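I have a structure here, written as structure tokens, and I will follow up with some questions on it.
The values are calculated or read from the model by the stated rules, or taken from the named source; none is laboratory data. Only a predicted model underlies this, so the values are computations on that prediction, with no experimental measurement involved. FYI the Cβ positions are ideal-geometry reconstructions off the backbone, even for glycines, and counts take in every protein chain you see.
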Protein chains: 2
Amino acid sequence: MYDGIVQDLIDEFGRLPGIGPKSAQRIAFHILQTPTFDVSKLSRLLGELRERVRFCDLCGNVSEQDRCAICRDPRRDQSFICVVEDAKDVSAIERTREFRGLYHVLGGAISPIAGIGPDDLRIAQLMQRLADGTVTEVILATNPNLEGEATATYLSRLLHTLEIRVTRLASGLPVGGDLEYADEVTLGRAFEGRRVL
Amino acid sequence: MYDGIVQDLIDEFGRLPGIGPKSAQRIAFHILQTPTFDVSKLSRLLGELRERVRFCDLCGNVSEQDRCAICRDPRRDQSFICVVEDAKDVSAIERTREFRGLYHVLGGAISPIAGIGPDDLRIAQLMQRLADGTVTEVILATNPNLEGEATATYLSRLLHTLEIRVTRLASGLPVGGDLEYADEVTLGRAFEGRRVL
């Protein structure tokens with residue numbers, strides 16, 4: 001419909017999650033018609049995202065260094081590890097200010113339908129982190145849906161061979177939902193009410 | 001919540017129309033976690049959009065040259081000019097394949113509340129295009145809302161001093177809506193049923 005670049009940009013924006021053709025068109029024209037919009041900044045950040053942002057060697061959270069800011073922070077309680085599916089979940093839990101321990105990002109959840117098994121997740125790395133006995137409690141904060149529950153059950157069985165307290169977030173969270181979209185209060189209460197598995 | 005670049009990119013995406021903080025976060029993580037997403041292409045297109053895309057000298061449509069593809073096309077009927085508020089509306093009308101004339105983009109609509117008067121629109125340029133007598137009909141395709149109707153009324157009074165047929169798109173369009181979001185059939189019928197003002 002448009003000359004080259006405009007249509008190309010609309011197509012590229014349309015590839016992003018949650019952006020349909022109309023939104024993509026609106027965004028492209030907004031950028032074109034808003035002189036104050038800093039296009040070079042967005043352009044530069046996109047390049048830097050791929051070049052400089054990676055995942056923490058230890059916990060799998062996003063980081064611009066080998067270790068993420070949370071793993072580097074000496075004030076964090078080294079005896080607690082909160083296991084989440086995704087790096088976005090770390091951010092959601094941090095907003096509650098309920099938890100001062102460390103994290104472990106699995107990189108997904110067990111899902112036979114999607115063909116994701118335990119070996120596709122960062123479970124071996126978790127076991128390695130637990131080997132030296134520093135960690136006394138592992139909090140399973142996978143999503144309260146089918147895949148998340150299956151993953152929590154799998155991990156709790158695996159971890160019961162070690163002398164570690166294994167807890168699960170309280171089911172104050174709406175079942176079938178996504179941890180990422182829970183509000184701070186609900187997520188905070190779920191932390192408080194976590195139960196021993 | 002995140003280290004520098006990720007949060008900066010989330011903030012930048014959040015500045016775009018229709019993208020809230022959650023969507024911005026989802027987009028940033030999608031780009032980070034999808035190796036097949038061509039980040040350099042999006043980055044390059046953003047730069048080129050500002051550098052190379054401008055507005056047609058004649059009609060005000062988007063173009064990578066001084067004249068847009070429609071104004072350059074000798075097969076277009078030079079005796080019809082369809083007046084629209086925005087370049088996005090040109091694309092919407094083109095999709096109907098009902099109209100084979102030329103366009104004139106006003107760059108908005110008269111709105112006393114937003115402080116936009118006739119002098120802020122490309123009306124002088126329209127009058128200049130009509131001066132040589134080539135154009136025999138001007139179709140007013142401003143949005144069927146308060147501002148668009150006011151603009152159409154203003155223009156129809158102005159154009160009645162010239163010997164030119166002035167028409168308005170039929171009110172098959174849902175009133176209060178946005179021309180940009182009309183489906184092809186509705187917009188095509190509105191073209192067929194246009195009435196003399």
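Does A:ASP8 count as modelled with pLDDT of 90 or more, more than 14 Å from the chain's Cα centre (by Cα) and acidic (Asp, Glu)?
In short, no.
Next question. Within the range B:26-34, is there a residue that is under 17 Å from A:GLN25 (Cα atoms), at the interface with chain A (Cβ under 7 Å from one of its Cβ atoms) and touching a residue at least 12 places away in the same chain (Cβ under 8 Å)?
yes
Give B:ASP73, B:ASP77, B:ASP120 a once-over and let me know the one that is farther than 24 Å from A:TYR2 by Cα and charged (D, E, K, R).
The conditions single out B:ASP120.
Among the residues of the range A:1-19, how many are in contact with a helix residue (DSSP H, G or I) (Cβ under 7 Å, 6 or more places away or on another chain), of a type in the set (Gly, Ala, Ser) and at negative phi?
Residues flagged as in contact with a helix residue (DSSP H, G or I) (Cβ under 7 Å, 6 or more places away or on another chain), of a type in the set (Gly, Ala, Ser) and at negative phi within the range A:1-19 amount to 1.
Which one of the conditions (1) within 25 Å of A:PHE37 (Cα to Cα); (2) not assigned by TED's automatic domain parsing to the domain that holds B:ALA141 does B:ALA114 fail to meet, given that it meets all the rest?
Single failed check for B:ALA114: (2).
Write out, first by first residue and then by second, each pair whose Cβ atoms fall under 7 Å of each other, whose residues are 6+ apart or on separate chains, and whose first residue, in the range A:61-75, is free of Cβ contacts under 8 Å to residues at least 12 places away in the same chain and on the phi > 0 side of the Ramachandran plot while the second is of a type in the set (D, E, K, R) and crowded, with 19+ Cβ neighbours inside 10 Å.
none
Suppose we filter the range B:45-58 for residues that are more than 8 Å from chain A (Cβ to nearest Cβ), among the charged types (D, E, K, R) and out of contact with any Lys or Arg (no Cβ under 7 Å at 6 or more places or on another chain); how many remain?
Result for the range B:45-58: 2.
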